[in-house]
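Below is one structure, written out as structure tokens, with a few remarks after it.
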Amino acid sequence: MTTPDRGVATDAPAGPGGQVGAGRTVLRVDGLSVGTRQTPLLSDVTFSVDRGERVGLIGESGSGKSLTALAVMGLLPEGLGASGDVRLSARTPAARNLLGVAERDMARVRGDGMSMVFQEPMTALNPTMRVGDQVDEVMLLHRTQPSRSAARRRVVELLGQVDLPDPAHLARSYPHELSGGQRQRVVLAIALANDPALLICDEPTTALDVTVQATVLDLVVRGVEERDSAMLFITHDLGVVATVCERVLVMYGGRIVEAGPVQEVFADPRHRYTQGLVAASDLAGADGRRDRAQLPTIPGTVPPAGRFPSGCVFRTRCTHATQACASQPPWTPRGEHPAGAAAYGHACVHPAGGDDD
């Protein structure tokens, strides 16, 4: 999977996740904050995703990755409120702030302007419906096919596009009759049925074995490339991001602490949290292999929601933290990459390679 050279001219930075491309931006998130009245869960999350761009969102469980996706989709659990600005440029009147859109209108956007592939396909599929009916339902609901017969023909095409064997026969099957990998391909077919401008994938291959995982990832990339869709890919697996994505956002404590081109961030991480993630990952070492049993771990655990410290949110787990870290901003510019979008990283008091030992 190759990374195209977009060479897109852009304006001033929109925030720590990047900046808005001129005429290419599909999703723009500015100052997104989520929580209850007493407990903040996300704070000032800002990023954008351009048409045809594949962006990874990484971090430990509890960092706020899935919550970010749910806020964008308008699917926050009851009791949580959101503020800020979330705009989808495609198929939304005047690119309205989606945080203020009524549920009936938001339902029209989901599955058409944007769609999502969840981690567990059995929870995304209706066990009482044949899979073909579930695929054509999303097209009929959003009226992207002129008739049910046209939708059924398109179902067979879509199931074939995600490499399911004998798609006409499989369309008449129920979810429990399929393997885990086959079910996830059906979910992907549903997500891509209406050629969404934005595809959000939330840990879509975690429950699959390594061989099936590689096949599904290839299908995801192929699907968005064929449609020139934007993609936000949520995962804890840095190896998957290195394979699938062009740009990466690192999240911790409900904030984006570093962002930039995948190769740059993984080769030269600036934030201490990113350094810990890279060191603890199974990304290939100098000899092409790393022994998982010998990988270091990040000390401590992710604090409970709403209990992250001020300043650098990682400072309570960082072995190099000083009193100055309590007043550090959550992010600072780290430079620009060839696509023109700004890359960001924390101005760490003790940067990597410094005299901090």
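Yes/no per residue for (1) of a type in the set (D, E, K, R); (2) surrounded by fewer than 18 Cβ atoms within 10 Å (Cβ to Cβ); (3) over 18 Å from ASN194 (Cβ atoms); (4) in contact with a Pro (Cβ under 8 Å, 6 or more places away or on another chain):
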{"site": "GLU103", "(1), (2), (3), (4)": "yes, yes, yes, no"}
{"site": "ARG108", "(1), (2), (3), (4)": "yes, yes, no, no"}
{"site": "VAL162", "(1), (2), (3), (4)": "no, no, no, no"}
{"site": "ASP166", "(1), (2), (3), (4)": "yes, yes, yes, no"}
For this session: Residue by residue through the stretch 254-281, note down the ones that are within 15 Å of ILE298 (Cβ to Cβ) and surrounded by fewer than 19 Cβ atoms within 10 Å (Cβ to Cβ).
Result: VAL278, ALA279, ALA280
Exercise. Can you name the number of the only condition in (1) surrounded by fewer than 21 Cβ atoms within 10 Å (Cβ to Cβ); (2) at pLDDT 95 or above; (3) not basic (Lys, Arg) that VAL210 fails?
Worked result: (2)
For this session: Specify the residue that is farthest from GLY59 (Cα to Cα); the eligible residues are those in the stretch 297-312 that are of a type in the set (A, V, I, L, M, F, W, C) and in contact with a helix residue (DSSP H, G or I) (Cβ under 8 Å, 6 or more places away or on another chain).
Result: CYS312
Exercise. If ASN194 passes every condition in (1) modelled with pLDDT of 95 or more; (2) touching an Asp or Glu at 6+ places or on another chain (Cβ under 6 Å) but one, which one does it miss?
Worked result: (1)
For this session: Could you list all residues from the stretch 115-131 that are surrounded by 14 or more Cβ atoms within 10 Å (Cβ to Cβ) and modelled with pLDDT under 95?
Result: SER115, MET116, VAL117, PHE118, GLN119, GLU120, PRO121, MET122, ALA124, LEU125
Problem set entry | Members of the stretch 143-171 found to be within 24 Å of the chain's Cα centre (by Cα) and touching a residue at least 40 places away in the same chain (Cβ under 8 Å), listed by number | GLN161, VAL162, ASP163
For this session: Tell me, yes or no, whether the stretch 121-131 has at least one residue that is within 25 Å of the chain's Cα centre (by Cα), closer than 18 Å to VAL224 by Cα and free of Cβ contacts under 8 Å to residues at least 40 places away in the same chain.
Result: no
Problem set entry | Out of ILE190, ILE234, ILE200, sole residue that is farther than 30 Å from GLN328 by Cβ, touching a residue at least 60 places away in the same chain (Cβ under 8 Å), buried (at least 22 other Cβ atoms within 10 Å of the Cβ) and under 12 Å from the mean Cα position of the chain (by Cα) | ILE200
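The values are calculated or read from the model by the stated rules, or taken from the named source; none is laboratory data. Quick caveat: nothing in here was measured; it's all calculated off a predicted structure. A quick note on method: Cβ atoms are made from the backbone with ideal geometry, for glycine too, and the neighbour counts reach across all protein chains shown.
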